[in-house]
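**Student:** If you scroll down you'll find the structure; I have some questions about it.
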Amino acid sequence: MTSFSDLGLGQKLLDALDAVGYKAPTPIQAGAIPHALAGKDVLGIAQTGTGKTASFTLPLIERLSKGRAKARMPRSLILSPTRELAAQIAENFDNYAKNTKLTKVLLIGGVAFGPQEEILNKGADVVIATPGRLLDQFERGKVLLNGVQILVIDEADRMLDMGFIPDIERILKTLPAKRQTLFFSATMPPEIKSLVDRFMHEPERVEVSRQASTATTITQLQARVKDKTPAAKRDMLRKALDRDGVKNGIIFCNRKRDVDIVARSLVKHGLSAAPIHGDLDQSTRTKTLDDFKSDKLRFLVASDVAARGLDIPAVSHVFNFDVPHNAEDYVHRIGRTGRAGLAGEAVTIVGPADEKNLAAVEKMLGKKIEAVDFGKSGHSAPAKAAPASPAEPEADDAEEKPAGRSRRGRRPRKDQTVSVEADAPAKAEPVSNRDKNHSAPKPAQKPDKPAPRRERSGRNAQQDGDRFKGFGNDVPAFFNIEG
Ligand code: AMP
């Protein structure tokens, strides 16, 4: 097996990797690091969860460790589409670079300019930025980009989705032509290919895909709501949440407005839930995410854009408050559960307005999602339910009627289990239809008990109070280098 020392990384980095508990490089790391260390441009096709952050951060640290930072002239620039992703990269950098003197600055929106400028003035080796804030600081003359020797673009396809390509082109034009570019994207749409062709120099292409894993099973269900009102959907959602085995979950909504309304409604009904979307200020988003990762928060209510690229650990459940407009988003959403061998369940609430989107999702899946009626289903008491109130709490807004608790005593019935590429825009294939009742799937771990570390995810390590242990010896089977 390839080891980190085979890749050409120096002792300081090897010690840091040892300290975070990584035993062996993941395929994207094994494929990209030697090229990057050799100073070549690298085009990495990989998604979040493959270890791609270290595949650019480690060689960047190694290559920069010899020089020194100059005031306002960073030697490297890492561009990320979202603030959270940028913050995650910064966190990774701090862990890997702890035995070096390298400094970094995080330039993201939603936080004050002052402290960022102070670090820039002292001299930062690495700037980790979202495009908007970087351009703001550039235009204010606080950061000069002509000393950048290494440029990293992370999640380029997300940049495209979020309309950042013109900003990226502007930034690229201000950088020295003689530089190294490490470019990462999960997919290669034509706009991204054009960027690569214009701004990269004979890049080495390293592609990693997540393969379908038979151990990764996601039960997919749909709960129909005949009533057109959002309150009826929220009522159904609570019934879906109020079941045995629902340890935690992400609730996706198509609209930001609904993200807020649903989160507020759940809190009013005594559940631990908070919203995450682009209109919330940075400190709130960071706190919400941290609370969710550390199990203080049970339900994260999110928009698709807010959830993208986040290193959110595997959850027992995904709930779709509505069917996404884009069928591929459905696969992204449900891939947040059932990761790396853990059982997962995805429940989609389908109202009259969702029919068209549902048809598109089912067409993509090549099968129907089984309908279940939680109102009539037989479930034992919820694993971790809302406060034991005799009845549902009060209605959360004018349109909401007080709802009854989910009824119990339903007979077991068939459901669908599928195997998908975790978090990948791939086709989900049925692997089995088996009888079991519709209480939520048995979690692979007892509620509140940390899963064994080998069941990969930041969460397991984090629950142990040691967030950066990563995969340890057991890099999951879905890692596969293709080119
Ligand atoms: P990323 O795809 O960069 O978001 O990484 C996903 C997760 O894998 C993060 O929690 C990393 O800390 C972890 N990780 C990255 N590389 C390794 C490795 N070689 N061994 C174990 N865990 C890793």
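Values in this text are rule-based calculations from the coordinates and carry no lab data. Since we're looking at a predicted model, the values are computed, not measured. As a convention, Cβ positions derive from the backbone with ideal geometry for all residues, glycine included, and neighbour counts pool all protein chains shown.
**Student:** Compute the Cα gyration tensor for region 221-279, then decide on rounded, prolate or oblate, letting a ≥ b ≥ c be the square roots of its eigenvalues: rounded whenever a/c is under 1.5, prolate when a/b is larger than b/c in the other cases, and oblate in all that remain.
**Tutor:** Cα axes put region 221-279 in the oblate bin.
**Student:** Here is a further query. Can you find, among N92, A71, P59, the residue sitting farthest towards the positive end of the charge dipole of region 51-99, where Lys and Arg contribute +1 and Asp and Glu -1 at Cβ?
**Tutor:** Of the options given, the answer is A71.
**Student:** Let me ask you something else. Applying 1/(1 + (r/R0)^6) with R0 = 45 Å to the Cβ-Cβ distance of M364 and E118, what FRET efficiency is obtained, to the nearest 0.05?
**Tutor:** The pair M364/E118 has a calculated efficiency of 0.35.
**Student:** Here's something else I'd like to know. Using 0.36 nm times the number of residues separating M188 and K356, minus their current alpha carbon distance, what extension gain do you get?
**Tutor:** Here the answer is 57.7 nm.
**Student:** Which residues' amide hydrogens lie under 5 Å from the amide hydrogen of V42, considering only partners 5 or more residues apart or on another chain, with H built in the peptide plane?
**Tutor:** T181, L182, F183, E204
**Student:** Starting from the 7 Å offset along Cα-to-Cβ, what nm value, one decimal, do you get for the label separation of H201 and N326?
**Tutor:** If labels sit at H201 and N326, their model points lie 3.3 nm apart.
**Student:** Additional query: Does region 226-317 come out rounded, prolate or oblate, given a ≥ b ≥ c as the square roots of the eigenvalues of its C-alpha gyration tensor, rounded meaning a/c under 1.5 and, failing that, prolate meaning a/b above b/c?
**Tutor:** Oblate shape, in that a/c is at least 1.5 and b/c is the bigger or equal ratio.
**Student:** Within region 4-207, what percent of beta bridges assigned by DSSP are antiparallel, to the nearest 5?
**Tutor:** Roughly 5 percent of the DSSP beta bridges within region 4-207 come out antiparallel.
**Student:** Taking 60 Å as R0, compute the FRET efficiency from the Cβ-Cβ separation of N146 and D373 and round it to 0.05.
**Tutor:** E(calc), rounded to 0.05, equals 0.40.
**Student:** Starting at the first residue of region 227-237, write each ³J(HN,Hα) from the Karplus equation 6.51 cos²θ - 1.76 cosθ + 1.60 with θ = phi - 60°, in whole Hz, x for Gly and Pro.
**Tutor:** Rounded to whole hertz, the list is 5, 6, 6, x, 4, 5, 5, 5, 4, 5, 4.
**Student:** So if R0 is 45 Å, what FRET efficiency would D18 and Q282 give, r being the distance between their Cβ atoms, rounded to the nearest 0.05?
**Tutor:** For R0 = 45 Å, the calculated efficiency reads 0.85.
**Student:** Ok, one more. Taking θ as phi - 60°, what are the ³J(HN,Hα) couplings along region 258-273 by the Karplus curve (6.51, -1.76, 1.60), each to the nearest whole Hz, with x for Gly and Pro?
**Tutor:** 5, 4, 5, 5, 5, 4, 4, 4, 5, 4, 4, 8, x, 9, 8, 8
**Student:** Among rounded, prolate and oblate, which fits region 9-77 when a ≥ b ≥ c are the square roots of the eigenvalues of its C-alpha gyration tensor, a/c under 1.5 means rounded, and a/b larger than b/c means prolate?
**Tutor:** oblate
**Student:** Applying a 10 Å radius around every beta-carbon, put 2-14, 179-191 in order of their mean neighbour count, most first.
**Tutor:** Answer by packing, highest mean first, reads 179-191, 2-14.
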